[in-house]
Amino acid sequence: MAGKVKDEILYDHNHDGIDRRGFLKCMAWAGTGAFCVMSGGVLKSYSLSRLPELSGKEASGELSFVQISDSHMGFNKPANPDVAGTLKAAVDKINALSAAPEFMLHTGDISHLSKPEEFDTVDQILKSAKPKDVFYVPGEHDVLNDDGKQFLERYGKGSKGGGWYSFDKKGTHFIGLVNVMNLKAGGLGTLGHDQLEWLEDDVKRLKHSTPIVVFAHIPLWSVYPEWGWGTEDSAQALAYLKKFGSVTVLNGHIHQVMQKVEGNVTFHTACSTAFPQPQPGKADSPGPMKVPAEQLKSVLGITDVNYVQGQHALAVVDSTLA
Amino acid sequence: MRRSVSIAVLVAAVVIGIGTIATGQNHFLARAQEKAATAEVKIDNFSFGPEVLTVAAGTTVTWTNRDDIPHTVVSTDDPKSFKSKVLDTDEKFTFTFSKAGTYPYFCSIHPKMTGKVVVK
């Protein structure tokens, strides 16, 4: 372990070489995607080219869901003047998955400017997806001008405070967190005292063997604080989840796939369905990355997640829209 | 059109004349800046430029978002001295600073973006 940089994947049981460097490569071959299986809190990673070698049991599970993120409906600039079209392509991709997902998670930035018609368009497009239930958490673009009032009216039924909530599906405990409200000058994403207290209480009653999936917009790990890609008080949230054997954290916001394993926790960020953003520090700012039109769909995507009961395993598969 | 141009020239000439008489040649430039009483902040590449803007009291400051991504201009004072709506590409926000002081602000969507207006 000594000498390894902090965000390397520490275990590579399949000798795929998918550590951080490998993963960046994986982003370059985004046309093929990555497949990850978590077993006993340890991530196993495969390139999708090895998928045919995996047994059906490894590749599919008893619980399957899909994550989409950063639809940015209303964005109309290069490299994507048609974010509705690429969201439809994402839905087509979801509908074509061999194991139909039971539901979808949307990890925020549904809209670009919080306009009612932008939310309406996304709702309309997602109606054609096979999975009917969608669980949302807001991105900062969804809570502009009204401190999230509209978002909560549309998507926050049954949620607490600023929109956080939890639910159980087939033995897995899902926790939707909100880290885009009340941001402080110079700071990062924030969960805040009330939400942290709720989280501590929410997981108290759960057995340590319960698989946990946390989803929130801004990464709950420090991806690149210089661009605001992290959450101020995420360490406190993760401390409450330490006792669990399997924790999977799904985020959006950075419009690219990144992942990291830290102890029992696997962190994963999803592609956008709208436009890509540069790798950390690889541009003057995190503004939209312009790519040739024919490459656009290879840098957008969806994330498919499978849980195999009894194996303590969550399989995370990213596929592009290409 | 031609008439309005000549009126503008005439008005400018009168203003310059009054300014010169009232304050003397040495103070003319400073006076002219105060008279103009406007200043600009450009938002480019997720930053405010200039990051620190110094103006005279009474100056109207205009922020223009030149990024492909929306931003806001929000005072960090409590209570907030000013707060823009979300600014999409090329949209502007203006605020007139009537009292001397230091006015820190940030983009509430991208809080790493901070700036300051110093009013003398």
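Kindly indicate the residue of region B:67-81 that is in contact with a strand residue (DSSP E or B) (Cβ under 6 Å, 6 or more places away or on another chain) and more than 10 Å from every other protein chain (Cβ to nearest Cβ) and also farthest from residue B:101 (Cα to Cα) among those meeting that condition.
Among those that are in contact with a strand residue (DSSP E or B) (Cβ under 6 Å, 6 or more places away or on another chain) and more than 10 Å from every other protein chain (Cβ to nearest Cβ), it is B:71.
Restricting the search to region A:249-304, which residues are surrounded by fewer than 20 Cβ atoms within 10 Å (Cβ to Cβ), of a type outside the set (S, T, N, Q) and part of a loop (DSSP other than H, G, I, E, B)?
Within region A:249-304, A:263, A:278, A:280, A:281, A:282, A:283, A:284, A:287, A:289, A:290, A:291, A:292 meet the criteria.
Looking at residue A:143 and the list (1) aliphatic (A, V, I, L, M); (2) closer than 15 Å to residue A:69 by Cα; (3) buried (at least 19 other Cβ atoms within 10 Å of the Cβ), which single condition is not satisfied?
Exception for residue A:143: condition (2).
Identify, from the list B:89, B:60, the residue that is assigned to a strand (DSSP E or B) and β-branched (Val, Ile, Thr).
Step by step, each of B:89, B:60 is checked, and only B:60 is assigned to a strand (DSSP E or B) and β-branched (Val, Ile, Thr).
Taking only region B:83-108 into account, find how many residues are within 14 Å of chain A (Cβ to nearest Cβ) and within 17 Å of residue B:54 (Cβ to Cβ).
Qualifying residue count, region B:83-108: 4.
Pairs, please: C-beta under 7 Å, at least 6 apart or cross-chain, first residue more than 12 Å from chain B (Cβ to nearest Cβ) and within 20 Å of residue A:239 (Cα to Cα) and in region A:261-286, second of a type in the set (Val, Ile, Thr) and surrounded by fewer than 20 Cβ atoms within 10 Å (Cβ to Cβ)?
none
Bear in mind that the values in this text are calculations on the coordinates, not laboratory data. The structure presented is a predicted model; accordingly, all values stated were derived computationally and were not measured. Positions of Cβ are generated from backbone atoms using ideal geometry, with glycine treated the same way; all protein chains shown enter the neighbour counts.
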